[in-house]
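What follows is a short report on a single structure.
Each reported figure results from applying straightforward, stated rules to the coordinates on display, with no laboratory input. On a predicted model such as this, the values are computed, not experimentally measured, just so you know.
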Amino acid sequence: MYIRPMTNFMRRMAILGLLFSAMFTWAGEADNVLHQSGERFKSAKYWTLNFNMSVGSASTGTKSGYKGELLLGPNDKFRLKVPGQQYTSDGLTLWQYVVAQKQVMVKNVADLQGALHPSEALFRYLKCKPISMTKQTQQGIAIYVMKLDPTGQVKGFTGMEVWLKVSDQTPIRLTTTDRTGTTATYDISDLTPNPPLKDADFKFVTPEGVEEIDMR
């Protein structure tokens, strides 16, 4: 039986076929990992986490950072604490407390008009399309390192990378790049599902001596 030898053109086509096949397999796996990450957060009513956030300015070369604490509940309930400020939402009302100014601004959550509210900063990766994904090990933990395309999904950003644990698809690091080249990295720790929280934890009580500005 005569077998026709492969020409250079046939070899190139075969290689391209293998590359496209690998690409579609990878893309399906990456989409599934993101889907599982989103489903993981839907599996619990409440979440708590801590994070370290660092910012590197492309224009000045300076770096800054701070620590934060986030409580998450259903239906837009959250409490975010960062140095000098606290955001609290019961799902209907948003309180922004600025410590140095001794002021609390009160707004309707609905008035944010679809803008990214503070509690969503660490989870915007779920809205983006994966560009590449690799498996690595960091400090003994198996992770997916996923590069994402935020354009068209998250305003103002040109690049994004997330590290997800292979074991449960929860995030341990998120890095974003904006149009000025400034990068922000969030290192996430102590991510806990269903801690002992209640609705009262998402209500803000204005401290004595603090001015309350109702913007509703």
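Largest first and in whole Å, the equivalent-ellipsoid semi-axes of the stretch 128-189 read 22, 12, 9, each the square root of five times a Cα gyration tensor eigenvalue.
All Cα-Cα distances of the stretch 29-214, cut into 5 Å bins from zero to the largest, leave 1, 7, 15, 18, 20, 18, 11, 6, 3, 1, 0 percent in each bin in turn. Taking only the Cα atoms of the stretch 40-100, the ratio Rg/Rh comes out at 1.08, with Rh defined as the Kirkwood radius.
Quick one: check the C-alpha center-to-center distance for the stretch 180-204 versus the stretch 37-70, whole angstrom. For the stretch 180-204 versus the stretch 37-70, the Cα centre distance is 7 Å.
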